[in-house]
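Read the figures in this text as sums done on the coordinates, not as results from a lab. Since we're looking at a predicted model, the values are computed, not measured. Glycine also receives a Cβ, built like all others from the backbone with ideal geometry; neighbour counts cover every protein chain displayed.
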Amino acid sequence: MTPRAWTVELRSHTSGLVLVCQQCPHADGHIDAASARSAALAHLAHHARGDLVPLHLRVCQCHERGCRWHPRHRGCDGPIRLLLACERGGRLWRLADACGACAAATARAAVVPETALAGTPGRPTAAPQRKRQPRGPGAQTRVREILSYLATALPPATSAAARLLALQCTLRMDATMHVRLPKGMLRSLRLNAPDVWDELERAQWLRVMPTSEAGGAVAELLDATLLGQAPARDDRRHAADWALRASCPSRAGAVSPLPRLASIYLAAHANPETGTGWSPLEQMARTSGDEPSELPCVLDQLVKEGLLASWRVCPESDDLHWTLRDKPRPAEQD
Ligand SMILES: [Zn+2]
Ligand SMILES: [Zn+2]
Ligand SMILES: [Zn+2]
């Protein structure tokens, strides 16, 4: 069986960058810096989609290679998912099947959201699932996974506003990778400034389409390749609404994009029973496109806005611990 692990490298060349794939030596050629990231992701996704293997035959490719991609841990565990990893400051990209334990131990990596895996073309959808399966991911899990995915897939300098928009686009896109955001929704997202769209367009993450609707927006997602074919659109839209509520609590008023993104992150990573959560500070910073040193100021603001009850950073581990003012509402009660 073909090993489900693919690696592409972006190498400097006199005339710019070249995309080099370890699996197809004759492929590709020159690309410009702006499109390098999206070209790398598209190429990897092309391999993954061309090599569909039933879940029960997939194995941890990290383990197969001696777990060289992460610090030592206690062994493989958890379900096999596609893991997208970035090394050498964005020069090397790898997409591979990995178990939950290896995925968690790998730096600069994100599990590709389940919605993409479920979109395996040709899988009979009418056949009942024989195996007892846990329910699909709830809104909170979906949002958490997509935030993690975007933290790796978007350029590090992407603004908080563009990240909020990318999250909504990912959750609201249709089966052809198009997303339509009406004027009212853009207003409630406070994302009607054209420069936010420009930013994602420059990163080649999406392409804005002409629309006849005044004030609304239509776009085609180009990162697509990784997220395409997602079938459970209603579930995703439900998650998009969940994220919207987590970012715009009535008490938080007209806060700016970074605190809104931060509040989605905190809600998505909190225990729904207790409203408490923890996460490495660095991971939250990467998801927000900010420096870890900037976050305390944002967290204080969220306390002032009445969203967060308390927070502290553990000095030994640099882990952030927090308690939300309100528990994140589980999806079932929506
Ligand atoms: Zn290739
Ligand atoms: Zn491993
Ligand atoms: Zn493993």
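Things to note:
- Of 164, 288, 218, farthest towards positive along the dipole that unit charges on Lys, Arg, Asp, Glu beta carbons give the range 140-333: 218
- Shape call, the range 140-333: gyration tensor on alpha carbons, a/c limit 1.5: prolate
- In a reduced charge model with +1 at each Lys and Arg Cβ and -1 at each Asp and Glu Cβ, the range 18-86 shows a dipole moment near 320 debye about its Cα centre.
- Of the GluC sites (Glu not before Pro) in the range 133-208, those whose Cβ has at most 10 other Cβ within 10 Å and which sit in DSSP loop: none
- Fewest neighbouring Cβ atoms within 10 Å first, the residues 169, 24 line up as 24, 169.
- Relative exposure of 80, 31, 146, judged by other C-beta atoms within 10 Å (fewest first): 31, 80, 146
- In plain terms, the residue of 143, 208 with the fewest other Cβ atoms within 10 Å comes first and the most crowded comes last, giving 208, 143.
- Förster radius 51 Å - calculated FRET efficiency between residue 65 and residue 300, Cβ distance, rounded to 0.05: 0.70
- Kirkwood-type hydrodynamic radius, the range 9-74: 14.2 Å, calculated from all non-identical alpha-carbon pairs.
- Charge dipole magnitude, Cβ of K and R +1, D and E -1 - the range 140-333, Cα centre, debye nearest 20: 660
- Among the trypsin sites (Lys or Arg not before Pro) found in the range 1-90, those both in a DSSP coil and sparsely packed, with 11 or fewer other Cβ atoms within 10 Å of their Cβ, are 68, 72, 74.
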